[in-house]
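Below: the structure, in structure tokens.
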Amino acid sequence: MIDTNPIDPYEHVRIEKIGDNPTELDKKKLEPQKTDKKLFLYLAFLDVLISAFRKISFTPREKEIENTPIKKELTTIKASLEALKTKNLSQDSEFLNYFAFIWLKFLKDFNYFLIKDKDTENKLRALISDLHDYPEGSEFSLGYYLSEIAGYKWIPFPYMEILMNLHKEYQEKHENSHLQKWINSFDEIIKSI
């Protein structure tokens, strides 16, 4: 007679119960671990370093403005604006990137260092605000584009257009242009330092 029950292919395989026979891996886990002396010294060194860094204060340092890179950055920004005054540099990608880079570096240093002379600080804040918000009423300002393109290889067309308009405005209005007013303000601040 033929057996109609199907044969189980796994019938001969036996699985041991978990926990009955500890394996070599389990035995190693139960043994106390030996600590390496180099690891101990390394961790001790890290602990000393971390406690030393916690003691260091990362608050802004109060310095005279002439002892900071701010004066050099102000001079460079002023020179960039004077170059834009004499030549339309709105198509010069090297100028556009450098101007954005130096502007952001100046803002970073200005926010880091405390300036003792409050009059100079207030003049700088007003000038930063004026440059940042130019042109008035526009959706994206010069400050927006300066902060967006620094370090990138793309240059937005509106940023180029803003600089071209600044150059054209100077050609038409000379002393009454935004460029000339900003240059005069930078010059006054640099001389007061």
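Only the coordinates and a few stated rules stand behind these numbers; no lab work does. Just so we're clear, the structure is a prediction, and the values are computed from it rather than from any experiment. Methodologically, a virtual Cβ is constructed for each residue, glycine included, from the backbone with ideal geometry; neighbour enumeration extends over all protein chains shown.
See the values below:
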item	result
Radius 13 Å from Cβ of ASP133, net charge of other residues (Lys, Arg +1; Asp, Glu -1)	-2
DSSP-loop GluC sites (Glu not before Pro) across the range 103-169, with at most 12 other Cβ within 10 angstrom	GLU136, GLU139
Theoretical FRET efficiency, 1/(1+(r/R0)^6), r = Cβ-Cβ of LYS108 and GLU172, R0 35 Å, to 0.05	0.55
Cα→Cβ-extended label distance, 7 Å offset, between GLU121 and GLU188, nm	1.9
Residue-span extension gain [SER147 to ILE128] - 0.36 nm each, minus C-alpha spacing	5.6 nm
Relative compactness, the range 69-192, computed as alpha-carbon Rg over 2.2 N^0.38 Å	1.01
